[in-house]
1. Go through region 1-15 and give me each residue that's more than 20 Å from residue 107 (Cβ to Cβ) and in contact with a Phe, Trp or Tyr (Cβ under 9 Å, 6 or more places away or on another chain).
2. Among the residues that make up region 52-69, is at least one of them within 13 Å of the chain's Cα centre (by Cα), at pLDDT 95 or above and within 19 Å of residue 203 (Cβ to Cβ)?
3. Identify all residues within region 75-111 that are at pLDDT below 95 and either of a type in the set (Ser, Thr, Tyr) or under 19 Å from residue 271 (Cα atoms) (or both); write none if there are none.
4. Taking into account only those residues within region 203-221 that are surrounded by fewer than 21 Cβ atoms within 10 Å (Cβ to Cβ) and touching a Pro at 6+ places or on another chain (Cβ under 6 Å), which is nearest to residue 81 (Cα to Cα)?
5. So which strands (runs of 3 or more DSSP E) are wholly in region 48-139 and hold at least 2 residues that are without any contact (Cβ under 8 Å) to a residue 12 or more places away in the chain?
6. Does residue 33 qualify as being among the acidic types (Asp, Glu) and in contact (Cβ under 8 Å) with a residue 24 or more places away in the chain?
7. All but one of (1) under 24 Å from residue 127 (Cα atoms); (2) assigned to a loop (DSSP other than H, G, I, E, B); (3) not small (Gly, Ala, Ser) hold for residue 20; which doesn't?
8. In region 286-293, is there at least one residue being in contact (Cβ under 8 Å) with a residue 60 or more places away in the chain, more than 28 Å from residue 65 (Cβ to Cβ) and surrounded by fewer than 24 Cβ atoms within 10 Å (Cβ to Cβ)?
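The values are calculated or read from the model by the stated rules, or taken from the named source; none is laboratory data. For clarity, every value in this text was computed on a predicted model and none was experimentally measured. No Cβ is skipped: glycine too gets one built from the backbone with ideal geometry, and neighbour counts run over all protein chains shown.
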Amino acid sequence: MSALHWDREGLDWPNRAASKFVSAGGLRWHIEDMGSGPIALLLHGTGASTHSWRRFGPILASRFRVIALDLPGHGFTEAPRASHLSLPQMAQSIATLLGVLNIKPDIGIGHSAGAAILCRMALDHRLDAKAIISLNGAYLPFGGPANQFFGGIAKLLFLNPFVPTMFSWSADAGMVRRLITGTGSEIDPEGLALYGRLFRNSTHTASALGMMANWDLEALSKDLPKLKTKLTLIAASNDKAVPADVAFKVQDMVPGSKAILLRGVGHLAHEEKPAEVAEFVFSEAARYGILTKENVPEAAE
C-alpha cells in the first residue's frame, strides 16, 4: 500500500503554505503551523486529515498560533505499525512529536476521535494545556450495531489486507457523498473532493480501520472523571455519528466541564460553519484566560 504523495496529491492541498514535515518517534509527520499567539493544537478525527480545518484553522490563526497535524497513517503522515494505532499509543506518539517541535499547547481542540486523544494525553500527563475544546468528541463506547462494528468487524476488516484496497477502488464521488451525509453534515464540493482523495488511498483507509479496530473507549470513559484539564464539549444537534447526548453525559462525568449544543449542524460542524464554531472557541479561550479580552473578536464576546 502506498501513502499519499505530497508532490502529487498535495499540490493544491488547503493551507499548503503553512505545511512542513517533521520526523519524530519513527514517523514522518505532516503538520501545519500558522498564526501567532497562544498555541492551539488541532487534532482531527478518524478518516480525516488537516484538510478538515481548511477554513476553521485560518480563522483561529487570527488569534492563535495554530498547530494542526495529520494523525499517524492519515493524510500525509507516515503509517505506524498496527499496535500504534491505539488510543494510548497515538497519545504517546503525538506527545513525542510535540517534544521534538518544542511546543507546549495552551489549548487543545479536537474533533471526534481527536478530542478523545487530547483527553487521553491530559490524563496520561502528556498534555499540559489549560483547556480542551471538544468538537463532537467520541468519548464513550458505541451502543448497538456500532459497538459490534468497532469491537469486532473493524478488526476483521483491518486484518484483511485486501479490504482497504477494495474500499479505495470503490470510493467514487457518490460513495463519498453518502458517507459524509451519513454523519448528518452537508459540506461544500471542495470538502467532498478532498475526502474522496483521502478515501481512494489504501494506506489512509487502512489506518482509519486500524484506529477503529484498536480503539478502547471503555478505559477512557472510566478515567474521564479524573480529568483535571478544563473541558468544553461542543455538540451538534444533527450529529448522526456521535449523538449530542454524549457531550452532556461526559459533562456529568467530568467535574467543572461545560457542554454547548449547536443546532442545525452535524458531525462536521467545524466544516459546515467554521466561523460560528470559531466564535465559541474564542469565547471559551477567553473564559479560561488563554486569550485576553483585547484578542477576542467582538462577535465572540
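1. Listed by number, the residues that qualify are 3, 4, 5, 6, 9, 10, 13, 14.
2. yes
3. 83, 86
4. 217
5. The strands (runs of 3 or more DSSP E) meeting that bar number zero.
6. Yes: the conditions hold for residue 33.
7. Result: residue 20 fails condition (2) only.
8. The answer is no; no qualifying residue exists.
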